[in-house]
Amino acid sequence: MNHAPDTLDLTNQQEAARVLPQSPLVASYHTGWKGLTFTHYCHPPHKTVEHCLLQHSLVITDSKSCFKAERHLDGKFSRYVHGNGRVDIIPAFLNHWTNWDQEVEFSVIAICPTLLNQTTQELMQREIELIPQLSIDDPVIQQLALALKTEIQTGCMSGRLYGESLGTALAARLAWNYAVNKPSLEFKANGLPQSQLERVIDYMKANLTQDLSILDLATLTGMSESHFSRGFKQSVGIAPYQYLIRERVERAKQLLKQQAVSISDIALDCGFANQTHLTKVFRQMTGMTPKAYQKR
């Protein structure tokens, strides 16, 4: 008697361990990111149990690796050489198993179908169906995965808004490049109505010290996160995360003119993780350190 494959939730660390028993070296479980989970493994040779996932999964191999892999996906068997930064895209709810023949480093990004559908809900009145992909070369996915990994490794100092922005960019990449029915490329985002834009900007300025998420901001406009992100960038010229950082730096400039306030206190008062974080961002945006700016 055949048993139905397990349906697993990759956002749950215990359930993920049923597929990949080795603990991840890097993981986003603690970040609070909505709609995506990132893990990075150095995993010995392994054959997974047959399973299906509640999320779409991206497997991004390490750029220095090269190995033989087998994958049984939706009734089709494939044997292929993998590695060198190449990517597998496994749609949610498809039965599959895989195995590989040597220790290998790779990242797994789990993307909630809801996030993917929100990316195009203003353009298409249907759910996004992804086409499985094995060992493809996609530099955009590679770079977004590296940015997520680096953000976790450096302590997630940029906050939820940054991580979720990367997730929205990944979802858009999947929808526009690997879906059965792609959104219209003629679509151009409209800017936000002035009243909504002012409401969002006022909220951001009043909550600079908070770990804001895209959902927090999109809720103010009644839009999906992806529609809001596109509309905001169309209106302002930069992404919500970049605008938030710019406003934090502007607040820091004002406080730095008050010589009695310490730079470490200013960092916290402006929403930066610590003085080191403030210094790094401030130098990137102004070309000088907060200390040098304060002494001018």
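Pairwise Cα distances in segment 9-113 exceed 25 Å in 12 percent of cases. Here the gap between Ala292 and Gln102, fully extended at 0.36 nm per residue and compared with their Cα-Cα distance, gives a gain of 63.3 nm. A straight Cα-to-Cα reach below 29 Å connects Lys257 with the lysines Lys205, Lys280, Lys291, Lys295, residues fewer than 8 places away in its own chain not being considered. Cys52 sits among other residues whose Cβ lies under 10 Å from its own Cβ, and their net charge, with Lys and Arg +1 and Asp and Glu -1, is -3.
Peptides 279-291, 102-114 ranked from most to least packed by the mean count of surrounding Cβ atoms within 10 Å: 102-114, 279-291. Label-to-label distance for Gln210 and Asn177 is 3.4 nm, based on points extended 7 Å past Cα in the beta-carbon direction.
For segment 171-176, backbone phi angles converted through the Karplus equation (6.51, -1.76, 1.60; θ = phi - 60°) give residue-by-residue couplings of 4, 5, 4, 5, 5, 7 Hz, Gly and Pro being listed as x.
Residue separation times 0.36 nm, minus the C-alpha to C-alpha distance between Asp6 and Thr219: what's the value? Separation in residues times 0.36 nm, less the Cα-Cα distance, equals 73.2 nm. Annotation: average projected area of segment 43-92 is 3.7 square nanometres, based on the convex hull of Cα atoms across all directions. In this simple spin-label model, placing a label point 7 Å from the Cα along the Cα-to-Cβ direction at both Thr154 and Asp137 gives a separation of 2.8 nm.
When only DSSP loop residues count, what chymotrypsin sites (Phe, Trp or Tyr not before Pro) in segment 133-221 have their Cβ near at most 16 other Cβ atoms within 10 Å? Hits after loop and neighbour filter: Phe187. When peptides 221-227, 133-139, 255-261 are ranked by their average number of other Cβ atoms within 10 Å per residue, the highest-first order is 221-227, 133-139, 255-261. The length gained by stretching the chain between Gln194 and His46 to full extension, at 0.36 nm per residue less their Cα-Cα distance, is 47.8 nm. Pairs of lysines in segment 6-177 whose Cα atoms sit within less than 20 Å of one another amount to 5, provided the residues are eight or more positions apart or on different chains.
Read-outs throughout are calculated quantities, based only on the coordinates presented, and are distinct from any laboratory measurement. Fair warning: this is a prediction, and the values are worked out from it, not measured in the lab. Glycine also receives a Cβ, built like all others from the backbone with ideal geometry; neighbour counts cover every protein chain displayed.
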